[in-house]
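Undergrad: This is the structure I want to talk about, given as structure tokens.
The values are calculated or read from the model by the stated rules, or taken from the named source; none is laboratory data. Every value quoted in this text rests on a predicted model; they were computed, and no experiment measured them. Here the Cβ positions follow ideal geometry from the backbone for every residue, glycine too, while neighbour counts run over all protein chains shown.
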Amino acid sequence: MKDYRTLSLWHDGLPEPIVPRPQLEGPQAVDVAIVGAGYTGLWAAYYLAKADPHLRIAVLEKEVAGFGASGRNGGWCSSFFPASWDTIARARDREGERDRGREAAVALQRAMFETVDEVGRVAAEEGIDARFRKGGALTLAMNQAQLTRLREDLDEQRAWGFGEEDYAWLDAGEARRRVAVDGALGAHYTPHCAALDPARLARGLADTVERLGVKLYEQTPVFALGGRYAQTPNGAVAADVVVRATEGYTPELPQYHRELVPLYSLMIATEPLPDAMWERLGWAGRECLGDGRHLIIYAQRTADGRIAVGGRGAPYHFRSRVSDAFDRDQRIFSRVEASLLGLFPFLRDTRITHRWGGPIGIPRDWYSSVGYDMASGYAWAGGYVGDGVGTSNLAGRTLADLVLGRDTDLIRLPWVNRRPRPWEPEPLRWVALNGALRLMDLADAQERRTGRPSQLGTAIDTLIGA
Ligand SMILES: Cc1cc2nc3c(=O)[nH]c(=O)nc-3n(C[C@H](O)[C@H](O)[C@H](O)COP(=O)(O)OP(=O)(O)OC[C@H]3O[C@@H](n4cnc5c(N)ncnc54)[C@H](O)[C@@H]3O)c2cc1C
């Protein structure tokens, strides 16, 4: 059996051992079957069980709860929604709600702001020690090009009607007073973000849903699913509703092979830093920290005084292959380490104790969705493009409302019941995705050199709706 503690810093730091729960032993009939015990599946189970304690709910997980990205991520519980407001508004306008697109995009963003607090609320109410700390997100401008772009982002946010309380600018002095990063020219700041320990949240949620009566079967891979069934090696589960909550692993299901592509995000963590170093660094608010580059990096000060930092850039693997072997890539680890030292050169002699990664799910239009087709009984959520910690909670609440037929504001949000078109067949996918990754890297290098926003980077950002 796998040693689940080696999956990430967060798994390694769990206070209790990771012992798999029993697998499904034979055929079953339930009201709702949920495939995948990451945040999406667990939040859906949580809100369904809370709303109707009589529902028979089964969660089927091929490994253990929190095995996937939910246990391994950067712990940014952010209000970033995986699609730009322009993309959301245009899609809504096209869907026939002419001129309502803008309003819909703002409603979705406001729902994301509330989502950050909702995650903190449930963790506190259910006694989940997720080390949740709402210190906001700080995006540093590390060169003139990033400064120009981040200021433009802020202008756009103002034009969409968001004020200082949602998005603000910090000058170089204010930014460095928060986190002492030499060379920061300023920072974009939003208070709508919390740092948390991802595995503690996922494992805590799993315990919580079990307490609420949900049956959680681990070591139970589903190899086919449809509206009213999920097929496992030990028999089928028949259900009125089947929720697909498999995110980056979705391409492994033949029926859904081209629904999402898996891209890998990789992370490293330092040893706990001594107090003297923290005094020098500041970072007292545990703000989530990134900078304005195209190929993003994301960092947090962990509750036990480390820096955990991650980055994209790992290659896309032909035919959307997912493999534990791809969780680790020395070339990307070295790049992430170089990014860390770029921000904090004095960490040169600090030990890196953990290196890990995992797959995120990307839909063809880079715009996440949640939905339920009542006629077939099939429900889904995902395609979070690496912003799923907060978004999966909104998805869970929305799925519960959809399945229970409740008429709420959530089910009217513009990402509900969208069906992005499938990805292109190979080799087009491989060429396009690895090409885009390479171009983002080139755009960052160009901006570091020239100090001017790269046209190349802007073009890619527009293409993917970032
Ligand atoms: C390194 C890394 C850093 C990240 N950082 C951040 C961040 O800081 N902030 C943020 O918002 N997002 C971040 N993300 C993305 C975020 O973690 C995900 O969007 C989110 O966790 C997705 O949750 P999920 O439940 O949909 O998917 P997952 O957590 O991937 O869960 C899917 C589950 O389904 C199971 N499964 C899959 N297929 C089957 C099957 N056939 N049968 C049974 N079970 C199956 C898997 O084992 C897994 O447990 C990061 C991701 C990674 C990998």
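Undergrad: Would it be correct to say that residue 213 is under 23 Å from residue 27 (Cα atoms), small (Gly, Ala, Ser) and more than 15 Å from the ligand (Cβ to nearest atom)? Steps first, please.
TA: On the way: under 23 Å from residue 27 (Cα atoms): yes; small (Gly, Ala, Ser): yes; more than 15 Å from the ligand (Cβ to nearest atom): yes.
So residue 213 passes the test.
Undergrad: Follow-up question, since we're still on this one. Which condition from (1) out of contact with any Gly (no Cβ under 6 Å at 6 or more places or on another chain); (2) away from the ligand (no atom under 15 Å from the Cβ); (3) of a type in the set (Asp, Glu) is the one that residue 93 breaks?
TA: All conditions are met except number (1).
Undergrad: Here is a check on your reading of the model: is residue 287 acidic (Asp, Glu) and out of contact with any Gly (no Cβ under 9 Å at 6 or more places or on another chain)?
TA: Details: acidic (Asp, Glu): yes; out of contact with any Gly (no Cβ under 9 Å at 6 or more places or on another chain): no.
In short, no.
Undergrad: Filter the stretch 36-65 down to the residues that are of a type outside the set (A, V, I, L, M, F, W, C) and within 7 Å of the ligand (Cβ to nearest atom) and list them by number.
TA: From the stretch 36-65, those of a type outside the set (A, V, I, L, M, F, W, C) are 36, 38-41, 46-47, 50, 52-54, 56, 61-63; that's our starting set.
Within the stretch 36-65, 36, 38, 39, 40, 41, 61, 62, 63 meet the criteria.
Undergrad: Next up: When the stretch 329-340 is examined, which residues are found to be away from the ligand (no atom under 11 Å from the Cβ) and surrounded by 13 or more Cβ atoms within 10 Å (Cβ to Cβ)?
TA: Step one: of the stretch 329-340, the residues away from the ligand (no atom under 11 Å from the Cβ) are 329-331, 333-335, 337-340.
Scanning the stretch 329-340 gives 329, 333, 335, 337, 339, 340.
Residue-by-condition table, conditions (1) in contact with a Gly (Cβ under 6 Å, 6 or more places away or on another chain); (2) closer than 28 Å to residue 181 by Cβ; (3) without any contact (Cβ under 8 Å) to a residue 12 or more places away in the chain:
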site: 309; (1), (2), (3): no, yes, no
site: 316; (1), (2), (3): no, no, no
site: 319; (1), (2), (3): no, no, no
site: 330; (1), (2), (3): no, yes, yes
site: 341; (1), (2), (3): no, yes, yes
site: 345; (1), (2), (3): no, yes, no
site: 356; (1), (2), (3): no, yes, no
site: 362; (1), (2), (3): no, no, no
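Undergrad: Could I ask something else about it? Suppose we filter the stretch 34-69 for residues that are out of contact with any Asp or Glu (no Cβ under 6 Å at 6 or more places or on another chain) and crowded, with 24+ Cβ neighbours inside 10 Å; how many remain? Even if it seems obvious, please write down each step before you answer.
TA: Our first condition is that a residue be out of contact with any Asp or Glu (no Cβ under 6 Å at 6 or more places or on another chain); within the stretch 34-69, this holds for 34-36, 38-54, 57-60, 62-63, 65-69.
Subset that is crowded, with 24+ Cβ neighbours inside 10 Å: 34-36, 38-46, 48, 57, 59-60, 65-69.
The qualifying residues number 21.
Undergrad: What pairs can you find where one residue is in the stretch 59-70 and on the phi > 0 side of the Ramachandran plot, the other is more than 6 Å from the ligand (Cβ to nearest atom) and among the charged types (D, E, K, R), and their Cβ atoms are less than 8 Å apart, with a gap of 6+ or different chains?
TA: Within 8 Å, the pairs are 66/203.
Undergrad: I'm told residue 203 meets every condition in (1) out of contact with any strand residue (DSSP E or B) (no Cβ under 6 Å at 6 or more places or on another chain); (2) surrounded by fewer than 24 Cβ atoms within 10 Å (Cβ to Cβ); (3) closer than 21 Å to residue 49 by Cβ except one. Can you identify the failing condition by its number?
TA: Here residue 203 clears every test but (2).
Undergrad: Please note which strands (runs of 3 or more DSSP E) are completely contained in the stretch 351-396 and include at least 2 residues that are surrounded by fewer than 24 Cβ atoms within 10 Å (Cβ to Cβ) and β-branched (Val, Ile, Thr).
TA: Working: elements: 352-363, 369-373, 378-382.
Strands (runs of 3 or more DSSP E) meeting the threshold: 352-363.
Undergrad: What's the total number of residues in the stretch 230-265 that are polar (S, T, N, Q), in a loop (DSSP other than H, G, I, E, B) and without any contact (Cβ under 8 Å) to a residue 60 or more places away in the chain? Give the steps one after another, and end with the answer.
TA: So in the stretch 230-265, the residues polar (S, T, N, Q) come out as 231-232, 234, 246, 250, 255, 265.
Cutting the leftovers down to in a loop (DSSP other than H, G, I, E, B) gives us 234, 246.
From what's left, without any contact (Cβ under 8 Å) to a residue 60 or more places away in the chain: none.
Final tally of qualifying residues: 0.
Undergrad: Here's something else I'd like to know. Taking the residues in the stretch 8-18 that are assigned to a loop (DSSP other than H, G, I, E, B) and within 14 Å of the ligand (Cβ to nearest atom) as candidates, determine which candidate is surrounded by the fewest Cβ atoms within 10 Å (Cβ to Cβ).
TA: As a first pass, look at the stretch 8-18 and keep what is assigned to a loop (DSSP other than H, G, I, E, B): 8, 13-18.
In the following step, the residues that additionally are within 14 Å of the ligand (Cβ to nearest atom) were identified as 8, 18.
On the way: 8: 25, 18: 21.
Top of the filtered list is 18.
Undergrad: Counting only residues that are touching a Ser or Thr at 6+ places or on another chain (Cβ under 6 Å) and of a type in the set (A, V, I, L, M, F, W, C), give me the helices (runs of 4 or more DSSP H) lying completely in the stretch 42-153 with at least 2 of them. Even if it seems obvious, please write down each step before you answer.
TA: On the way: elements: 69-72, 85-94, 101-125.
In the stretch 42-153, the matching helices (runs of 4 or more DSSP H) lie at 101-125.
Undergrad: Okay, moving on. Of the residues 72, 5, 92, 21, which is surrounded by 21 or more Cβ atoms within 10 Å (Cβ to Cβ), at pLDDT 95 or above and touching a helix residue (DSSP H, G or I) at 6+ places or on another chain (Cβ under 9 Å)? Don't jump to the end; show me each part of the working.
TA: On the way: 5 fails: surrounded by 21 or more Cβ atoms within 10 Å (Cβ to Cβ); 92 fails: at pLDDT 95 or above; 21 fails: surrounded by 21 or more Cβ atoms within 10 Å (Cβ to Cβ).
The match here is 72.
Undergrad: For the stretch 162-229, which strands (runs of 3 or more DSSP E) that fit wholly inside it have 1 or more residues that are under 24 Å from residue 252 (Cβ atoms)? Steps first, please.
TA: Values: elements: 168-171, 186-190, 193-195, 215-217, 224-226.
Strands (runs of 3 or more DSSP E) meeting the threshold: 215-217, 224-226.
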